[in-house]
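Below: one structure, written as structure tokens.
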Amino acid sequence: MAFQLKIDLRQLNTFLTIANTGSFSRASEKLFTAQPALSRQIRLMEEALNVEVFVRHGRGVILTPAGELLYEKAVTIFQDLERTQASVSAIAGEVTGQVVLGILPTAAHTFSGGIIEEFRRNYPQVNLAVKSAMSGTLQQLVAQHRVDLAITYNDGKQKHLNYTPLIDERFYLIAPPKSEVAERQDISLSEVLELPLVMPEEKHGLRELMEREAMRQQQKLELAIEVNAWPLMTDLVRRGLGYTVLSYASVHEMVGRSEVVAIPIVTPELYRSLAIVTPKDLPPSLATLKLAETVRHQATQQIEKGIWKGRALLAINQQDDAVVRNDENPSH
């Protein structure tokens, strides 16, 4: 089969670099290529496509509508090439390429280090990047192919994503060590809802969960302070400025230092499912499959050590293709 290509990969790479830096001069420095040479490549590409891809202004360049479409397609082309290269290399027994892991802030502190350490030890030829963000943002990044695999809440909201159940994590009341409830062995949800709580903003999954549970109890959420940064939430609790609700794994080091206490919530117990999330419209690379395997192994270890309080939903010896298939969405 013969292909009639009007542009080449070098031109596309130059185009992407200029678009990402917003400037011919900065792209020139990054590519170690003279600026006139870059300008010539872009001019030839624009002539071949019969469109302008950049609008030049005093501080650099911005993409035209045609340039935005080309940018989206060019990113996909290079991602596909990278996956192709990694797949071909895998025939020789090597796992190569690049993989981006997305993880929730509450899980990243204790979970990501073990994942990175194990993955780097087993697959040193893979370039691993880690992004931390809230659940909704992570799912959006996976849908945009900017994150290959994310560990996030299993809400199953996006039909073009695969949700593979990982763990049901239990929620605890996180309290100051000198508070009146600090010695309790457990605490009812009704009692929790009467306490001044430090909570994230309304669009956050944890806040939505607590608002929903308060409605079921025919109570209101007693909001003391609204913050969006997880470390600040726990720090405010440590300072005695309120209480919060989190998984045990997110505070187990602080509990070990007696900075906060974690009290199991009962009647009812509160759980939320975490899942491995991958895109439906893009087959996973071998590196992504191995990363998912590492995530499952680390989750199992954390549960066995008592760091992550919850129930494992995915056995470590399941087949790799379970990562890209999910027909159930557990709810509580």
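Coordinate-derived values only; no laboratory data. Note that this is a predicted model, so its numbers are computed, not measured. Neighbour counts run over all protein chains shown; Cβ positions are idealised from the backbone, glycine included.
Odds and ends about this structure:
- Residues of segment 124-168 falling in the label zone of Arg212, defined by backbone nitrogen less than 19 Å from a point 7 Å along Cα to beta-carbon, are 134-140, 151-168.
- Rg over Rh for segment 62-213 works out to 1.09, using Cα positions for both radii and the Kirkwood form for Rh.
- Sites Lys159 and Glu201, calculated FRET efficiency, Cβ-Cβ separation with R0 30 Å, nearest 0.05: 0.70
- The 3J(HN,Hα) values that the Karplus relation (6.51, -1.76, 1.60; θ = phi - 60°) gives for segment 276-284 are, in residue order, 8, 10, 9, x, 7, 8, 9, x, x Hz. Gly and Pro appear as x.
- Rounded to the nearest 20, the size of the Cβ-charge dipole of segment 98-332 about its Cα centre is 420 debye, with Lys and Arg at +1 and Asp and Glu at -1.
- Value of relative contact order over segment 136-281, rounded to a whole percent, pairs C-alpha under 8 Å and six or more apart: 46 percent
- Descending semi-axes in whole angstrom, ellipsoid equivalent of segment 9-86, from the Cα gyration tensor: 20, 15, 12
- Segment Gln219-Glu29, extension gain: residue separation times 0.36 nm, minus the distance between their alpha carbons: 62.4 nm
- Using θ = phi - 60° in the Karplus curve 6.51 cos²θ - 1.76 cosθ + 1.60, the 3J(HN,Hα) couplings for segment 78-84 round to 5, 5, 5, 4, 5, 5, 4 Hz; x is entered for Gly and Pro.
- Packing-based order for 22-30, 9-17, 213-221, using average beta carbon neighbours within 10 Å, highest first: 9-17, 22-30, 213-221
- Counted by Cβ distance under 14 Å from Leu63, the other residues give a net charge of -2, where Lys and Arg count +1 and Asp and Glu count -1.
- Normalised by the number of residues in segment 3-82, the average gap of Cα pairs under 8 Å and 6 or more apart makes the relative contact order 29 percent.
- Among the lysines of the chain, pairs that are 8 or more positions apart or on different chains and have alpha carbons within less than 16 Å of each other number 4.
- Interchain or long-range residues, amide H under 5 Å from Leu197's placed H: Glu222, Leu223, Ala224, Ile225, Tyr243
- What the Cα convex hull of the chain gives, in volume per residue, is 185 Å³.
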